[in-house]
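This report refers to the structure that appears directly beneath it.
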Amino acid sequence: MGDTKFHKDEFRNGARHPRIYSPAFQPLLQSLLATLADLDFAYEQEREKLSNTSPDTNVRSRALKTLKNRHRERREPYIQQLAILQKRIMEMRA
């Protein structure tokens, strides 16, 4: 944990509150979170488009379910990578 840095926002009542992650992990963490945000944004856009275009409720319902499943499948590898990263961070803190 020797590479943990402190920032002015991390001082409260005179006590230091270190980052919960090493700066070495920051680029990967930011990349994973940005990718998940992009996937979520694209999903919401498609969901909204489907909700507004299909007049048949059965077709719309199936399409939304398919879209949701595809979204979950696309997110899963990034969620797994975040879990691995979290484990590594926790191991470094121990």
Based on Cβ point charges of +1 for Lys and Arg and -1 for Asp and Glu, what charge dipole magnitude is obtained for segment 23-93 about its Cα centre, in debye rounded to the nearest 20? 220 debye
Fewest-first ranking of PHE41, PHE25, using other Cβ atoms within 10 Å as the exposure measure: PHE41, PHE25
Expected unfolding gain across ARG47-GLN80 under the 0.36 nm per residue rule, minus the alpha-carbon gap, is 9.5 nm
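Where a number appears in this text, it was derived from the coordinates with a stated rule and is not lab data. No experiment lies behind these values; they were computed from the predicted model shown. Because the Cβ atoms are built from the backbone with ideal geometry, glycine has one as well, and the counts that use them run over all protein chains shown.
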